[in-house]
Amino acid sequence: MIIRGPIDDDGGAGTEITIVFQPIVDLETWSVVGFEALARFSDGEPPPVHLARADAAGSREELELDLIRDAIAESASLPDGMFVTLNASGSTILRPELEDVLGACIRPWGLELYEGATSADLGAVRERVTRLGGQLLVDDAGAASADESRITTLRPDVVKIDRALFWQIADDATARARLKRLLDAARGAGATVLVEGVSDDLHLERARGLGADFAQGFHLGMPTVAEHMTAALSELHRRVGVDAPGL
């Protein structure tokens, strides 16, 4: 387990950071194929709060690079053969230092583009990720600036459907129409579709009904530190039958 701390993101008192990983499940093969790296802060504030503080202080890119470094280091002990995805804003993806940071990753990787507005050139973001040899993901599609236009422009490898939008479609016709536009854009771009927020069997069937390729959520694995992942995957296999390397 990596614990970075205490740190100060220039938005308040120092806090410790722990890196955890959440499984990503292939719905066709019913197996874990990768993990999203996530940061947990000891003060209990969610990552967007710390990132917003760092942004206001002009240090967001440095904080994101530190989080990516830590996630890559910690991911080395995850099961072999599976990818890891890392969150970043557009400007961080274009930072020259990122190439050396990603060079330490021993497994396939992807960068999840933050859903907020960005001043970074999206064409340059797509080109950079391709040149570095990774996959580009549009994070939280349906939230903030992660819209159909962003998908069409970036032509990402993976589109992650925002969990709040996914939860709304059960009883909200406007949300269903919004989701259809996003899915059409994703398929038009040739992207894999990943649904976030799969929290129970009903959500799982709904994701399959949408034709999603991948899914992620508490029903398919809680965020877990790397050193406990083998036990967590064994429990996931016992509970819902999802396969994973070594099981």
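Considering D213, D172, D201, the condition of being within 21 Å of the chain's Cα centre (by Cα) and at pLDDT 95 or above is satisfied by D213 alone.
Scanning segment 1-40 for residues that are small (G, A, S) and farther than 26 Å from L137 by Cα, we see that the one that is modelled with the highest pLDDT is G14. Residue-level check: of (1) farther than 25 Å from Q22 by Cα; (2) assigned to a loop (DSSP other than H, G, I, E, B), E115 misses just (1).
Scanning segment 120-164 for residues that are in contact with a strand residue (DSSP E or B) (Cβ under 7 Å, 6 or more places away or on another chain) and of a type in the set (V, I, T) yields V125, V129, V138, I151, V158, V159, I161.
Which of the helices (runs of 4 or more DSSP H) found entirely inside segment 121-219 contain at least 1 residues meeting this: among the hydroxyl-bearing types (S, T, Y)?
Where helices (runs of 4 or more DSSP H) fall fully within segment 121-219 and carry at least 1 residues being among the hydroxyl-bearing types (S, T, Y), they are 122-132, 148-154, 173-188.
Being within 28 Å of I93 (Cβ to Cβ), surrounded by fewer than 20 Cβ atoms within 10 Å (Cβ to Cβ) and touching a residue at least 12 places away in the same chain (Cβ under 8 Å) is true of P223. Within segment 78-105, the residues that satisfy the criterion of being in a helix (DSSP H, G or I) and without any contact (Cβ under 8 Å) to a residue 12 or more places away in the chain are D100, G103. Among the residues here, L202 does not qualify as surrounded by 18 or more Cβ atoms within 10 Å (Cβ to Cβ) and either on the phi < 0 side of the Ramachandran plot or not β-branched (V, I, T) (or both).
Of all residue pairs spaced 6 or more apart or on separate chains, those with beta-carbon atoms under 8 Å, a first member in segment 158-184 that is closer than 22 Å to D201 by Cα and a second member that is loosely packed, with under 13 Cβ neighbours inside 10 Å and modelled with pLDDT of 95 or more are L183/G211. With respect to A189, determine if the residue is hydrophobic (A, V, I, L, M, F, W, C) and surrounded by fewer than 19 Cβ atoms within 10 Å (Cβ to Cβ). Yes, satisfied.
Of all the residues in segment 115-138, those that are farther than 27 Å from S31 by Cβ and in contact (Cβ under 8 Å) with a residue 40 or more places away in the chain number 1. The combined condition, being surrounded by 16 or more Cβ atoms within 10 Å (Cβ to Cβ) and under 21 Å from G34 (Cα atoms), is not fulfilled by L94.
Annotation: of all residues in segment 46-57 being touching a residue at least 12 places away in the same chain (Cβ under 8 Å) and either of a type in the set (D, E, K, R) or in a loop (DSSP other than H, G, I, E, B) (or both), the one that is nearest to T224 (Cα to Cα) is R53. In the condition set (1) within 18 Å of the chain's Cα centre (by Cα); (2) surrounded by 13 or more Cβ atoms within 10 Å (Cβ to Cβ); (3) closer than 26 Å to R107 by Cβ, D147 is compliant with all but (3).
The values are calculated or read from the model by the stated rules, or taken from the named source; none is laboratory data. Just so it is clear, the structure is predicted and the values come from calculations on it, not from any experiment. Cβ: placed from backbone, ideal geometry, glycine included. Neighbour counts: every protein chain shown.
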